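Chemist: Take a look at the following structure, please.
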Amino acid sequence: MRPDIKEAASHYVHRLFLQAGNSSLVRLLKKEAFKRIYRQMINDPDSLLPRTFPSDVEPWSGEKPQGPEDFLKGTVTLPSLPHVQSRLREVLNDPESTAQDLVDIICKDPKLATSVLRLANSGIYEIEEKIETPSKAVALLGFQKAGSLALGTVSLSMFKRKNKAVLDLEKFWKHSIACGVVAQEISVAAGLGDPELFFAGGLMHDIGLHMIFESDYSLGVTLFRLAGSEGYNLYEAEQDILGFNHADLGGYILEKWKFPRQLIAAAGGHHNPHKVKTDPDAMVIHVADFIAQALGFGLDISSVIGSIDPAAWQKIGITADQLIELLPKIRRLIDDIFQILED
């Protein structure tokens, strides 16, 4: 190991975890991060350079909104849900819906059907039998699991690439997928139930972040620059500039769209100190969001990854060593699912 790169990697990791505390979980994640950063500094050092923007981009001059609702009344328009997404939401919320109702929706969208089948066979759900049709997927996975998988898949497809964008959409997708996979595996290990909803919650948890950064290029650059300054993270930058954060906005959006309660709580509460201590959906996504960033599946907006609530981690009830044992599977699933949804 080269001493100069070892020292540089140690400094980088120290800064990355500056706000994270020193719990057993953080210590183990720092070791994993060091190995990853050291390899990056050897193989692809340019990938660690901070992103820059043209010097002629003026700071955002908009007025601070009164909150998420006021923000969406301005230049930002809340997009309408695609028809297939609306139908999925209605079916999942209706206690009288049947498995065939769900199959009919999936079958009417060939791209969705293909994605659901590939995801169902990818290993994210440990089913030995080959799943060849949407009806078989619903039969083997179950109504809620297949429905949440379909809803998360079609929701992620809303995020389109733009030629001029502050947010790196590939990193955004991968972070969302990583958060979903980590949340699912944590829920399974801790016996929290409904792992499919935690997966969907992870996929959707940063919808508010995407909305903020896509709303105005100058606002995105201003947030990016502030979040990258010493001691800041993105959450704090949003609070300073807008008076609320992307979790507040995400929860508001999903509530307006009448999404399942668990997904609203996951998006809206994953940065809320009260929610992450009391609501299992917010709690798991909060922890999964931090872990995903620590593993290198972040947005690379801030030089620090923020903090993890120790009470939330303790309430989940698994150990740091248990999490480390899950990492090979977690990394494999993230790569597999990202490839499927990219295709």
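Each value in this text was obtained by applying a stated rule to the coordinates, not by laboratory testing. Bear in mind the structure is a predicted one, so any value in this text is a computation, not a measurement. Every residue, glycine as well, gets a Cβ built from its backbone with ideal geometry; the counts of neighbours run over all protein chains shown.
Chemist: Would you mind checking the radius of gyration and Dmax of region 80-157 based on alpha-carbon positions, in Å?
Modeler: 11.5, 38
Chemist: Under 16 Å Cα-Cα from K256, which lysines qualify once same-chain neighbours fewer than 8 residues away are excluded?
Modeler: Answer for K256, where 16 Å is the Cα cut-off: K73, listed by chain and number.
Chemist: Given H placed on each backbone N at 1.01 Å, which residues far from G306 in sequence or on other chains put an amide H within less than 5 Å of it?
Modeler: Those qualifying (amide H under 5 Å, at least 5 residues apart or on another chain) are Q19.
Chemist: Among the lysines, which fall within straight-line cross-link reach of K145, defined as a Cα-Cα distance under 22 Å, with same-chain neighbours fewer than 8 residues apart omitted?
Modeler: K108, K111, K130, K136, K174, K258, K329
Chemist: What ranking do M211, M41 get, fewest neighbouring Cβ atoms within 10 angstrom at the top?
Modeler: M41, M211
Chemist: Would you compute, from DSSP H runs of 4+ residues alone, the mean residue ellipticity of the chain at 222 nm, taking -39500 (n - 2.57) per run and dividing by the full residue count, rounded to the nearest 500?
Modeler: Here the helix-only value at 222 nm equals -20000 deg cm²/dmol.
Chemist: Continuing with this model, one more query. Could you go through region 261-272 in sequence order and give the Karplus-derived ³J(HN,Hα) for each residue, using 6.51 cos²θ - 1.76 cosθ + 1.60 with θ = phi - 60°, rounded to whole Hz, and x for Gly and Pro?
Modeler: Once rounded to whole Hz, the list reads 3, 4, 6, 5, 5, 5, 6, x, x, 6, 10, 8.
Chemist: Right, here's the next one. Could you tell me which of rounded, prolate or oblate describes the chain, using a ≥ b ≥ c as the square roots of the eigenvalues of the alpha-carbon gyration tensor, with rounded for a/c under 1.5 and, failing that, prolate when a/b is larger than b/c and oblate otherwise?
Modeler: Cα axes put the chain in the oblate bin.
Chemist: Which of the aspartates and glutamates could a cross-linker bridge to K171, judged by Cα under 18 Å and excluding same-chain residues fewer than eight apart?
Modeler: D44, D46, D206, E214, D289, D300, D335, D336, E342, D343
Chemist: By count of other Cβ within 10 Å, fewest leading, how are V154, V284 ordered?
Modeler: With the sparsest Cβ surroundings first, the list reads V154, V284.
Chemist: Whole-Hz ³J(HN,Hα) for each residue in region 127-141, computed from phi via Karplus 6.51 cos²θ - 1.76 cosθ + 1.60 with θ = phi - 60°, x for glycine and proline: what do you get?
Modeler: For region 127-141, the Karplus curve yields 10, 6, 6, 5, 9, 10, 9, x, 5, 5, 4, 5, 5, 7, 7 Hz.
Chemist: Could you list which residues have their amide H under 5 Å from that of W60, counting only those 5 or more apart in sequence or on another chain, with H placed in the peptide plane?
Modeler: Answer set, sorted by chain and number: T222.
Chemist: Dipole magnitude of region 80-157 about its Cα centre, charges +1 at Lys/Arg Cβ and -1 at Asp/Glu Cβ only, in debye to the nearest 20?
Modeler: 280
Chemist: Moving to a separate point now. Classify region 1-141: rounded, prolate or oblate, from the alpha-carbon gyration tensor (a ≥ b ≥ c, eigenvalue square roots; a/c under 1.5 rounded; otherwise prolate if a/b is larger than b/c)?
Modeler: oblate
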